[in-house]
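A short write-up of the structure that comes next.
The values are calculated or read from the model by the stated rules, or taken from the named source; none is laboratory data. Everything quoted here is computed from the prediction, not taken from an experiment. Every residue, glycine among them, receives a Cβ derived from its backbone with ideal geometry; neighbour counts consider all protein chains shown.
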Amino acid sequence: MLKVNQDSYAYATGLLRARELKLLDKNRIDRMLEATKAEEAYRVLSEAEYGMDNESLKSVSDFEALLAEEMKKTYALLLEIGPHDEVVEVFQKRYDYFNVKVLLKAELSNQDVPPILLDTGLQDRDELVRIIRERDYEQLDQIMQSAIVEVYDVFSRTGDSQVIDLILDKALYHQFYVELKGIKNKFMNELADIIVDITNIKMFIRLKALNKPLEFIKKVLLEGGLIDKELYFNNVEAPIDSFLADIEFTEYGKAIQKSIKSLDNRNIQTLEKVLDDHLMNYMTQQAKQLTIGIEPFIAFLFAKEAEIKNVRIILTGKINGLSNDLIRERLRLVYV
Amino acid sequence: MWENIFTGQLLAIFGAIIAFLVSGLGSSKGVALAGQTGAGVLTEDPSKFGSVIILQALPSTQAIYGFVIAFLIIGKINGAMAFEEGFRLFLAGLPVGIIGFISAIYQGRVAASGIQLISKRPEAIGSAITLALMVEMFAILSLIISILIIG
(Lines give C-alpha, C1' and ligand atoms only; values in the text may rest on other atoms or scores of the structure.)
Protein backbone atom coordinates (compact mmCIF):
# COMPACT_ATOMS: atom_id res chain seq x y z
CA MET A 1 0.00 0.00 0.00
CA LEU A 2 1.38 3.34 -1.03
CA LYS A 3 1.78 5.73 1.85
CA VAL A 4 1.90 9.37 0.85
CA ASN A 5 4.56 11.48 2.51
CA GLN A 6 3.12 14.97 2.17
CA ASP A 7 6.50 16.71 2.48
CA SER A 8 7.82 14.88 -0.55
CA TYR A 9 5.49 17.08 -2.62
CA ALA A 10 7.40 20.27 -1.69
CA TYR A 11 9.08 20.68 -5.08
CA ALA A 12 5.98 19.76 -7.07
CA THR A 13 3.77 22.10 -5.06
CA GLY A 14 6.15 25.02 -5.54
CA LEU A 15 6.33 24.44 -9.27
CA LEU A 16 2.58 24.01 -9.70
CA ARG A 17 1.76 27.12 -7.65
CA ALA A 18 3.86 29.12 -10.06
CA ARG A 19 2.32 27.27 -13.01
CA GLU A 20 -1.22 28.01 -11.78
CA LEU A 21 -0.70 31.59 -12.96
CA LYS A 22 -0.84 30.33 -16.52
CA LEU A 23 -4.15 28.54 -16.14
CA LEU A 24 -7.05 30.21 -17.89
CA ASP A 25 -8.47 32.56 -15.31
CA LYS A 26 -11.83 34.29 -15.44
CA ASN A 27 -10.34 37.22 -17.31
CA ARG A 28 -8.97 35.07 -20.14
CA ILE A 29 -12.17 33.05 -20.32
CA ASP A 30 -14.16 36.27 -20.64
CA ARG A 31 -11.91 37.38 -23.47
CA MET A 32 -12.44 34.07 -25.22
CA LEU A 33 -16.19 34.49 -24.82
CA GLU A 34 -16.17 38.06 -26.10
CA ALA A 35 -14.19 37.17 -29.19
CA THR A 36 -16.33 37.62 -32.27
CA LYS A 37 -14.67 34.82 -34.18
CA ALA A 38 -13.63 31.35 -33.06
CA GLU A 39 -10.07 32.02 -34.32
CA GLU A 40 -9.78 34.99 -32.01
CA ALA A 41 -10.85 32.92 -29.01
CA TYR A 42 -8.45 30.20 -30.03
CA ARG A 43 -5.53 32.61 -29.99
CA VAL A 44 -6.09 33.49 -26.31
CA LEU A 45 -4.93 29.95 -25.57
CA SER A 46 -1.41 30.76 -26.66
CA GLU A 47 -1.14 33.04 -23.61
CA ALA A 48 -1.85 30.06 -21.41
CA GLU A 49 1.12 28.40 -23.14
CA TYR A 50 -0.85 25.88 -25.10
CA GLY A 51 1.74 24.66 -27.56
CA MET A 52 0.63 26.09 -30.86
CA ASP A 53 4.08 26.21 -32.42
CA ASN A 54 3.27 23.08 -34.28
CA GLU A 55 2.15 24.00 -37.80
CA SER A 56 -0.65 21.40 -37.74
CA LEU A 57 -2.31 23.04 -34.74
CA LYS A 58 -2.48 26.61 -36.06
CA SER A 59 -6.12 26.63 -37.04
CA VAL A 60 -9.10 26.55 -34.71
CA SER A 61 -10.44 23.48 -36.50
CA ASP A 62 -7.53 21.53 -34.98
CA PHE A 63 -8.52 22.41 -31.44
CA GLU A 64 -9.31 18.83 -30.43
CA ALA A 65 -5.76 17.79 -31.32
CA LEU A 66 -4.42 20.76 -29.37
CA LEU A 67 -6.44 19.84 -26.29
CA ALA A 68 -5.33 16.20 -26.47
CA GLU A 69 -1.74 17.39 -26.75
CA GLU A 70 -2.20 19.69 -23.73
CA MET A 71 -3.62 16.87 -21.59
CA LYS A 72 -0.70 14.66 -22.55
CA LYS A 73 1.73 17.41 -21.61
CA THR A 74 0.04 17.84 -18.24
CA TYR A 75 0.42 14.15 -17.40
CA ALA A 76 4.04 14.17 -18.54
CA LEU A 77 4.70 17.15 -16.25
CA LEU A 78 3.04 15.52 -13.24
CA LEU A 79 4.91 12.26 -13.77
CA GLU A 80 8.15 14.19 -13.98
CA ILE A 81 7.76 16.33 -10.87
CA GLY A 82 5.66 14.08 -8.62
CA PRO A 83 7.33 11.73 -6.13
CA HIS A 84 4.92 8.81 -6.71
CA ASP A 85 4.19 7.73 -10.28
CA GLU A 86 1.44 5.40 -9.02
CA VAL A 87 -0.67 8.39 -7.97
CA VAL A 88 -0.65 9.86 -11.48
CA GLU A 89 -1.10 6.47 -13.12
CA VAL A 90 -4.41 5.94 -11.30
CA PHE A 91 -5.77 8.88 -13.30
CA GLN A 92 -3.97 7.97 -16.52
CA LYS A 93 -5.60 4.56 -16.67
CA ARG A 94 -8.91 6.23 -17.50
CA TYR A 95 -7.50 6.93 -20.95
CA ASP A 96 -6.61 3.28 -21.42
CA TYR A 97 -10.23 2.40 -20.78
CA PHE A 98 -11.32 4.92 -23.39
CA ASN A 99 -8.94 3.39 -25.93
CA VAL A 100 -10.04 -0.14 -25.09
CA LYS A 101 -13.67 0.89 -25.59
CA VAL A 102 -12.91 2.33 -29.02
CA LEU A 103 -10.90 -0.75 -29.99
CA LEU A 104 -13.52 -3.23 -28.81
CA LYS A 105 -16.26 -1.38 -30.69
CA ALA A 106 -14.19 -1.54 -33.87
CA GLU A 107 -13.33 -5.18 -33.25
CA LEU A 108 -16.90 -6.30 -32.56
CA SER A 109 -18.30 -4.47 -35.58
CA ASN A 110 -15.44 -5.61 -37.84
CA GLN A 111 -14.43 -2.06 -38.66
CA ASP A 112 -11.05 -0.38 -38.90
CA VAL A 113 -9.75 1.35 -35.80
CA PRO A 114 -10.91 5.00 -35.95
CA PRO A 115 -8.19 7.66 -35.61
CA ILE A 116 -9.43 8.87 -32.22
CA LEU A 117 -7.24 6.78 -29.92
CA LEU A 118 -5.66 8.88 -27.19
CA ASP A 119 -1.98 8.93 -26.43
CA THR A 120 -2.40 9.96 -22.78
CA GLY A 121 -2.92 6.55 -21.19
CA LEU A 122 -0.51 4.24 -19.48
CA GLN A 123 -0.48 1.64 -22.25
CA ASP A 124 1.06 2.52 -25.55
CA ARG A 125 -1.63 3.11 -28.20
CA ASP A 126 -0.23 0.76 -30.82
CA GLU A 127 0.53 -1.88 -28.24
CA LEU A 128 -3.08 -1.72 -27.08
CA VAL A 129 -4.27 -2.21 -30.66
CA ARG A 130 -2.16 -5.37 -30.83
CA ILE A 131 -3.34 -6.58 -27.40
CA ILE A 132 -7.00 -6.32 -28.36
CA ARG A 133 -6.53 -7.77 -31.83
CA GLU A 134 -4.50 -10.75 -30.64
CA ARG A 135 -6.52 -11.12 -27.45
CA ASP A 136 -3.32 -11.21 -25.45
CA TYR A 137 -4.44 -9.48 -22.25
CA GLU A 138 -1.63 -10.50 -19.92
CA GLN A 139 -0.14 -7.02 -19.60
CA LEU A 140 -3.46 -5.46 -18.63
CA ASP A 141 -4.76 -4.96 -15.11
CA GLN A 142 -6.86 -7.76 -13.68
CA ILE A 143 -10.02 -5.63 -13.53
CA MET A 144 -9.66 -4.57 -17.14
CA GLN A 145 -8.94 -8.13 -18.27
CA SER A 146 -12.10 -9.53 -16.72
CA ALA A 147 -14.14 -6.62 -18.09
CA ILE A 148 -12.96 -7.37 -21.63
CA VAL A 149 -13.74 -11.07 -21.22
CA GLU A 150 -17.19 -10.12 -19.92
CA VAL A 151 -17.80 -7.85 -22.92
CA TYR A 152 -17.09 -10.69 -25.35
CA ASP A 153 -19.26 -13.04 -23.32
CA VAL A 154 -22.28 -10.73 -23.07
CA PHE A 155 -21.91 -9.50 -26.65
CA SER A 156 -21.90 -13.03 -28.02
CA ARG A 157 -25.20 -13.69 -26.24
CA THR A 158 -27.01 -10.38 -26.84
CA GLY A 159 -25.27 -8.82 -29.85
CA ASP A 160 -25.83 -5.44 -28.20
CA SER A 161 -22.82 -3.12 -28.59
CA GLN A 162 -24.06 -0.88 -25.74
CA VAL A 163 -22.66 -3.43 -23.31
CA ILE A 164 -19.14 -2.28 -24.20
CA ASP A 165 -19.72 1.13 -22.64
CA LEU A 166 -21.69 -0.24 -19.71
CA ILE A 167 -19.22 -2.92 -18.68
CA LEU A 168 -16.03 -0.97 -19.30
CA ASP A 169 -17.26 2.23 -17.65
CA LYS A 170 -18.23 0.28 -14.60
CA ALA A 171 -14.86 -1.49 -14.54
CA LEU A 172 -13.08 1.83 -15.02
CA TYR A 173 -14.74 3.45 -12.03
CA HIS A 174 -14.36 0.30 -9.96
CA GLN A 175 -10.62 0.23 -10.60
CA PHE A 176 -10.33 3.97 -10.04
CA TYR A 177 -12.18 3.64 -6.72
CA VAL A 178 -10.19 0.65 -5.51
CA GLU A 179 -6.87 2.26 -6.40
CA LEU A 180 -7.69 5.62 -4.83
CA LYS A 181 -8.82 3.84 -1.67
CA GLY A 182 -5.58 1.84 -1.81
CA ILE A 183 -3.47 4.95 -1.34
CA LYS A 184 -2.90 5.68 2.30
CA ASN A 185 -4.03 9.28 2.35
CA LYS A 186 -7.26 10.79 3.68
CA PHE A 187 -7.70 13.20 0.80
CA MET A 188 -7.35 10.51 -1.87
CA ASN A 189 -9.81 8.27 -0.01
CA GLU A 190 -12.39 11.04 0.32
CA LEU A 191 -11.92 11.90 -3.32
CA ALA A 192 -12.76 8.31 -4.29
CA ASP A 193 -16.12 8.55 -2.50
CA ILE A 194 -16.99 11.97 -3.88
CA ILE A 195 -16.22 10.94 -7.44
CA VAL A 196 -18.30 7.77 -7.15
CA ASP A 197 -21.25 9.66 -5.65
CA ILE A 198 -21.13 12.44 -8.21
CA THR A 199 -20.91 9.94 -11.05
CA ASN A 200 -23.83 7.96 -9.63
CA ILE A 201 -26.00 11.05 -9.28
CA LYS A 202 -25.21 12.12 -12.85
CA MET A 203 -25.93 8.64 -14.23
CA PHE A 204 -29.13 8.35 -12.25
CA ILE A 205 -30.44 11.67 -13.57
CA ARG A 206 -29.68 10.64 -17.13
CA LEU A 207 -31.15 7.14 -16.75
CA LYS A 208 -34.28 8.57 -15.16
CA ALA A 209 -34.73 10.88 -18.11
CA LEU A 210 -34.56 7.78 -20.33
CA ASN A 211 -37.11 5.97 -18.11
CA LYS A 212 -34.83 3.01 -17.48
CA PRO A 213 -36.22 0.32 -15.15
CA LEU A 214 -35.01 -0.38 -11.63
CA GLU A 215 -33.11 -3.58 -12.54
CA PHE A 216 -31.09 -1.69 -15.13
CA ILE A 217 -30.26 1.13 -12.72
CA LYS A 218 -29.25 -1.40 -10.07
CA LYS A 219 -26.83 -2.89 -12.55
CA VAL A 220 -25.07 0.29 -13.59
CA LEU A 221 -24.77 2.25 -10.33
CA LEU A 222 -21.22 2.17 -9.00
CA GLU A 223 -20.26 0.56 -5.75
CA GLY A 224 -18.75 2.69 -2.99
CA GLY A 225 -19.48 6.30 -2.20
CA LEU A 226 -21.19 7.75 0.84
CA ILE A 227 -24.75 7.87 -0.49
CA ASP A 228 -26.84 4.82 0.35
CA LYS A 229 -27.96 3.03 -2.84
CA GLU A 230 -31.51 2.75 -1.44
CA LEU A 231 -31.84 6.49 -2.00
CA TYR A 232 -31.57 5.90 -5.76
CA PHE A 233 -33.75 2.78 -5.81
CA ASN A 234 -36.56 4.51 -3.90
CA ASN A 235 -36.61 7.36 -6.38
CA VAL A 236 -36.78 5.41 -9.64
CA GLU A 237 -40.50 6.09 -10.01
CA ALA A 238 -40.54 9.43 -8.20
CA PRO A 239 -40.16 12.82 -9.93
CA ILE A 240 -36.66 14.26 -10.23
CA ASP A 241 -37.41 16.97 -7.65
CA SER A 242 -38.07 14.38 -4.98
CA PHE A 243 -34.70 12.76 -5.75
CA LEU A 244 -32.93 16.10 -5.51
CA ALA A 245 -34.72 16.78 -2.21
CA ASP A 246 -33.50 13.45 -0.84
CA ILE A 247 -29.93 14.33 -1.83
CA GLU A 248 -30.21 17.24 0.57
CA PHE A 249 -30.09 14.84 3.50
CA THR A 250 -26.77 13.32 2.40
CA GLU A 251 -23.21 14.53 2.93
CA TYR A 252 -23.41 16.75 -0.13
CA GLY A 253 -26.88 18.09 0.53
CA LYS A 254 -26.33 21.66 1.58
CA ALA A 255 -23.64 22.54 -0.93
CA ILE A 256 -25.36 21.04 -3.95
CA GLN A 257 -28.91 21.96 -3.01
CA LYS A 258 -28.06 25.64 -2.73
CA SER A 259 -26.64 25.86 -6.22
CA ILE A 260 -29.50 23.77 -7.63
CA LYS A 261 -32.03 26.20 -6.16
CA SER A 262 -30.24 29.13 -7.77
CA LEU A 263 -30.51 27.60 -11.24
CA ASP A 264 -33.00 29.42 -13.48
CA ASN A 265 -32.82 26.85 -16.17
CA ARG A 266 -32.80 23.37 -14.70
CA ASN A 267 -31.85 20.67 -17.17
CA ILE A 268 -29.42 17.77 -17.30
CA GLN A 269 -26.51 19.93 -18.48
CA THR A 270 -26.87 22.54 -15.76
CA LEU A 271 -27.31 19.89 -13.07
CA GLU A 272 -24.12 18.21 -14.24
CA LYS A 273 -22.36 21.53 -14.08
CA VAL A 274 -23.47 21.98 -10.45
CA LEU A 275 -22.06 18.55 -9.59
CA ASP A 276 -18.75 19.20 -11.37
CA ASP A 277 -18.50 22.55 -9.61
CA HIS A 278 -19.03 20.86 -6.27
CA LEU A 279 -16.04 18.60 -6.91
CA MET A 280 -13.96 21.61 -7.97
CA ASN A 281 -15.01 23.51 -4.84
CA TYR A 282 -13.93 20.61 -2.68
CA MET A 283 -10.59 20.49 -4.48
CA THR A 284 -9.99 24.22 -4.15
CA GLN A 285 -10.87 24.14 -0.48
CA GLN A 286 -8.51 21.24 0.24
CA ALA A 287 -5.66 22.50 -1.91
CA LYS A 288 -5.64 26.15 -0.93
CA GLN A 289 -5.47 25.66 2.82
CA LEU A 290 -2.35 23.55 2.53
CA THR A 291 1.22 24.58 1.76
CA ILE A 292 2.83 21.30 0.83
CA GLY A 293 1.14 18.03 -0.02
CA ILE A 294 -0.64 15.86 -2.52
CA GLU A 295 -3.78 18.03 -2.55
CA PRO A 296 -2.43 20.91 -4.68
CA PHE A 297 -0.85 18.30 -6.96
CA ILE A 298 -4.11 16.50 -7.71
CA ALA A 299 -6.01 19.80 -7.74
CA PHE A 300 -3.80 21.00 -10.59
CA LEU A 301 -4.71 17.94 -12.64
CA PHE A 302 -8.41 18.56 -12.04
CA ALA A 303 -7.98 22.26 -12.76
CA LYS A 304 -6.38 21.41 -16.08
CA GLU A 305 -9.12 18.90 -16.92
CA ALA A 306 -11.82 21.46 -16.07
CA GLU A 307 -9.99 24.07 -18.11
CA ILE A 308 -9.83 21.81 -21.14
CA LYS A 309 -13.52 21.04 -20.73
CA ASN A 310 -14.24 24.80 -20.68
CA VAL A 311 -12.11 25.47 -23.74
CA ARG A 312 -13.98 22.73 -25.59
CA ILE A 313 -17.36 24.20 -24.55
CA ILE A 314 -16.34 27.71 -25.64
CA LEU A 315 -14.74 26.75 -28.94
CA THR A 316 -17.52 24.34 -29.92
CA GLY A 317 -20.03 27.06 -29.04
CA LYS A 318 -18.16 29.71 -31.01
CA ILE A 319 -17.73 27.51 -34.06
CA ASN A 320 -21.45 26.71 -34.03
CA GLY A 321 -22.42 30.32 -33.39
CA LEU A 322 -24.10 29.84 -30.00
CA SER A 323 -24.89 32.91 -27.90
CA ASN A 324 -22.50 33.85 -25.10
CA ASP A 325 -25.17 33.37 -22.43
CA LEU A 326 -25.81 29.82 -23.54
CA ILE A 327 -22.09 29.03 -23.51
CA ARG A 328 -21.53 30.70 -20.16
CA GLU A 329 -24.32 28.71 -18.54
CA ARG A 330 -22.39 25.51 -19.19
CA LEU A 331 -18.92 26.67 -18.23
CA ARG A 332 -17.35 24.92 -15.26
CA LEU A 333 -16.00 26.71 -12.24
CA VAL A 334 -12.34 27.67 -12.71
CA TYR A 335 -9.69 26.77 -10.14
CA VAL A 336 -7.77 30.05 -9.99
CA MET B 1 25.94 6.20 42.41
CA TRP B 2 24.44 8.59 39.83
CA GLU B 3 27.25 11.00 40.45
CA ASN B 4 29.72 8.33 39.43
CA ILE B 5 28.19 7.79 36.00
CA PHE B 6 26.81 11.24 35.22
CA THR B 7 29.52 13.56 36.31
CA GLY B 8 28.87 17.28 36.06
CA GLN B 9 31.17 17.43 33.08
CA LEU B 10 29.34 14.72 31.14
CA LEU B 11 25.95 16.30 31.82
CA ALA B 12 27.15 19.67 30.56
CA ILE B 13 28.41 18.05 27.38
CA PHE B 14 24.97 16.47 26.92
CA GLY B 15 23.43 19.90 27.30
CA ALA B 16 25.66 21.31 24.57
CA ILE B 17 24.87 18.38 22.28
CA ILE B 18 21.11 18.77 22.73
CA ALA B 19 21.26 22.52 22.15
CA PHE B 20 22.95 22.14 18.79
CA LEU B 21 21.86 18.70 17.60
CA VAL B 22 18.11 19.13 18.11
CA SER B 23 17.87 22.70 16.81
CA GLY B 24 20.15 21.73 13.91
CA LEU B 25 17.82 18.89 12.92
CA GLY B 26 14.87 21.29 12.93
CA SER B 27 16.70 23.86 10.83
CA SER B 28 17.79 21.23 8.30
CA LYS B 29 14.21 20.12 7.84
CA GLY B 30 12.84 23.66 7.66
CA VAL B 31 15.43 24.91 5.18
CA ALA B 32 15.00 21.76 3.08
CA LEU B 33 11.22 22.17 2.84
CA ALA B 34 11.53 25.81 1.83
CA GLY B 35 14.36 24.94 -0.55
CA GLN B 36 12.43 22.21 -2.35
CA THR B 37 9.42 24.46 -2.76
CA GLY B 38 11.75 27.20 -3.94
CA ALA B 39 13.34 24.91 -6.51
CA GLY B 40 9.86 24.17 -7.88
CA VAL B 41 9.08 27.86 -8.23
CA LEU B 42 12.48 28.59 -9.79
CA THR B 43 11.93 25.89 -12.41
CA GLU B 44 8.97 27.93 -13.62
CA ASP B 45 10.41 31.39 -13.02
CA PRO B 46 14.20 31.72 -12.42
CA SER B 47 13.90 35.48 -11.89
CA LYS B 48 12.54 34.87 -8.35
CA PHE B 49 15.91 33.60 -7.07
CA GLY B 50 16.63 36.65 -4.90
CA SER B 51 13.38 36.45 -2.96
CA VAL B 52 13.44 32.67 -2.70
CA ILE B 53 16.91 32.57 -1.17
CA ILE B 54 15.98 35.07 1.58
CA LEU B 55 12.91 33.09 2.59
CA GLN B 56 14.75 29.80 2.42
CA ALA B 57 17.50 31.05 4.76
CA LEU B 58 15.13 32.12 7.56
CA PRO B 59 14.73 28.71 9.27
CA SER B 60 18.52 28.35 9.57
CA THR B 61 18.73 30.82 12.47
CA GLN B 62 17.55 28.20 14.98
CA ALA B 63 20.70 26.14 14.35
CA ILE B 64 22.78 29.29 14.82
CA TYR B 65 21.12 29.93 18.21
CA GLY B 66 21.75 26.30 19.14
CA PHE B 67 25.35 26.72 18.13
CA VAL B 68 25.73 29.83 20.29
CA ILE B 69 24.30 28.07 23.36
CA ALA B 70 26.43 24.97 22.79
CA PHE B 71 29.47 27.21 22.50
CA LEU B 72 28.65 29.04 25.77
CA ILE B 73 28.06 25.73 27.59
CA ILE B 74 31.33 24.22 26.35
CA GLY B 75 33.14 27.34 27.52
CA LYS B 76 31.92 26.70 31.08
CA ILE B 77 32.99 23.05 31.23
CA ASN B 78 35.91 22.05 33.40
CA GLY B 79 37.06 18.79 34.92
CA ALA B 80 36.19 19.58 38.53
CA MET B 81 32.58 20.55 37.83
CA ALA B 82 29.98 19.80 40.51
CA PHE B 83 27.03 17.62 39.57
CA GLU B 84 24.56 20.46 40.20
CA GLU B 85 26.53 22.85 38.00
CA GLY B 86 26.64 20.29 35.16
CA PHE B 87 22.93 19.56 35.51
CA ARG B 88 22.13 23.27 35.23
CA LEU B 89 24.10 23.50 31.97
CA PHE B 90 22.31 20.39 30.75
CA LEU B 91 18.94 22.05 31.39
CA ALA B 92 20.17 25.21 29.66
CA GLY B 93 20.48 23.28 26.42
CA LEU B 94 16.83 22.21 26.40
CA PRO B 95 14.90 25.45 25.54
CA VAL B 96 16.97 26.41 22.53
CA GLY B 97 17.15 22.77 21.37
CA ILE B 98 13.48 21.84 21.62
CA ILE B 99 11.86 25.19 20.76
CA GLY B 100 14.43 25.59 18.00
CA PHE B 101 13.54 22.20 16.53
CA ILE B 102 9.82 22.85 16.40
CA SER B 103 9.96 26.50 15.38
CA ALA B 104 12.45 25.77 12.56
CA ILE B 105 10.13 23.19 10.98
CA TYR B 106 7.10 25.44 11.23
CA GLN B 107 9.07 28.41 10.04
CA GLY B 108 10.14 26.30 7.07
CA ARG B 109 6.48 25.73 6.26
CA VAL B 110 5.65 29.42 6.53
CA ALA B 111 8.68 30.20 4.35
CA ALA B 112 7.49 27.61 1.77
CA SER B 113 4.05 29.26 1.76
CA GLY B 114 5.77 32.62 1.37
CA ILE B 115 7.72 31.30 -1.60
CA GLN B 116 4.46 30.14 -3.17
CA LEU B 117 2.99 33.56 -2.43
CA ILE B 118 5.79 35.45 -4.19
CA SER B 119 5.61 33.05 -7.13
CA LYS B 120 2.20 34.60 -7.80
CA ARG B 121 2.70 38.09 -6.41
CA PRO B 122 6.40 39.09 -6.36
CA GLU B 123 5.62 42.43 -4.69
CA ALA B 124 4.46 40.57 -1.55
CA ILE B 125 8.02 39.64 -0.51
CA GLY B 126 7.81 42.00 2.50
CA SER B 127 4.68 40.31 3.83
CA ALA B 128 6.14 36.85 3.19
CA ILE B 129 9.26 37.66 5.23
CA THR B 130 7.23 39.26 8.05
CA LEU B 131 5.00 36.19 8.34
CA ALA B 132 8.01 33.90 8.63
CA LEU B 133 9.68 36.21 11.15
CA MET B 134 6.69 35.84 13.47
CA VAL B 135 7.81 32.28 14.13
CA GLU B 136 11.37 33.50 14.69
CA MET B 137 10.26 35.27 17.88
CA PHE B 138 9.81 31.99 19.78
CA ALA B 139 13.28 30.83 18.83
CA ILE B 140 14.70 34.14 20.05
CA LEU B 141 12.84 33.84 23.37
CA SER B 142 14.20 30.31 23.86
CA LEU B 143 17.70 31.59 23.12
CA ILE B 144 17.33 34.25 25.82
CA ILE B 145 16.05 31.73 28.37
CA SER B 146 18.94 29.38 27.62
CA ILE B 147 21.42 32.23 28.07
CA LEU B 148 19.80 33.22 31.40
CA ILE B 149 20.01 29.64 32.69
CA ILE B 150 23.71 29.42 31.82
CA GLY B 151 24.07 32.62 33.84
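Details
- Residue within the stretch B:83-105 that is under 13 Å from B:Ala34 (Cβ atoms) and in contact (Cβ under 8 Å) with a residue 12 or more places away in the chain present: yes
- Candidate set from the stretch A:1-34 (those that are surrounded by fewer than 17 Cβ atoms within 10 Å (Cβ to Cβ), in contact (Cβ under 8 Å) with a residue 24 or more places away in the chain and more than 14 Å from chain B (Cβ to nearest Cβ)); member that is farthest from A:Leu180 (Cα to Cα): A:Glu34
- Among the candidates B:Gly86, B:Gly66, B:Gly93, B:Gly75, the residue that is more than 14 Å from every other protein chain (Cβ to nearest Cβ), over 22 Å from the mean Cα position of the chain (by Cα), part of a helix (DSSP H, G or I) and farther than 18 Å from A:Ile292 by Cβ is uniquely B:Gly86.
- Matching residues in the stretch B:37-58 - criterion: being crowded, with 23+ Cβ neighbours inside 10 Å and not small (Gly, Ala, Ser): B:Thr37, B:Val41, B:Val52, B:Leu55, B:Gln56, B:Leu58
- Per the conditions (1) within 23 Å of A:Glu295 (Cβ to Cβ); (2) in contact (Cβ under 8 Å) with a residue 40 or more places away in the chain; (3) not in a loop (DSSP other than H, G, I, E, B), the sole criterion not satisfied by A:Thr120 is (3).
- Of all residues in the stretch B:111-145, those that are surrounded by fewer than 22 Cβ atoms within 10 Å (Cβ to Cβ), within 17 Å of B:Lys29 (Cβ to Cβ) and within 12 Å of chain A (Cβ to nearest Cβ) total 1.
- Scan the stretch A:203-228 for residues that are part of a helix (DSSP H, G or I) and within 22 Å of the chain's Cα centre (by Cα) and the total you get is 10.
- When the stretch A:123-168 is filtered for residues that are outside any helix (DSSP H, G or I) and within 18 Å of A:Gln92 (Cα to Cα), the ones remaining, listed by number, are A:Gln123, A:Asp124, A:Gln139, A:Leu140, A:Asp141.
- For the stretch A:124-165, the set of residues classified as touching a residue at least 40 places away in the same chain (Cβ under 8 Å), surrounded by fewer than 16 Cβ atoms within 10 Å (Cβ to Cβ) and under 22 Å from the mean Cα position of the chain (by Cα) consists of A:Asp165 only.
- Any helices (runs of 4 or more DSSP H) falling wholly within the stretch B:1-59 and containing at least 2 residues that are of a type in the set (A, V, I, L, M, F, W, C) and within 14 Å of chain A (Cβ to nearest Cβ): B:8-44, B:49-57
- Those residues of the stretch A:22-60 which are in a loop (DSSP other than H, G, I, E, B) and at pLDDT below 85, in sequence order: A:Glu49, A:Tyr50, A:Gly51, A:Met52, A:Asp53, A:Asn54, A:Lys58, A:Ser59
- Taking the listed residues A:Leu322, A:Leu275, A:Leu326, A:Leu301, the one that is away from chain B (no Cβ under 14 Å), farther than 30 Å from B:Gln36 by Cα and either at pLDDT 90 or above or crowded, with 18+ Cβ neighbours inside 10 Å (or both) is A:Leu275, with no other qualifying.
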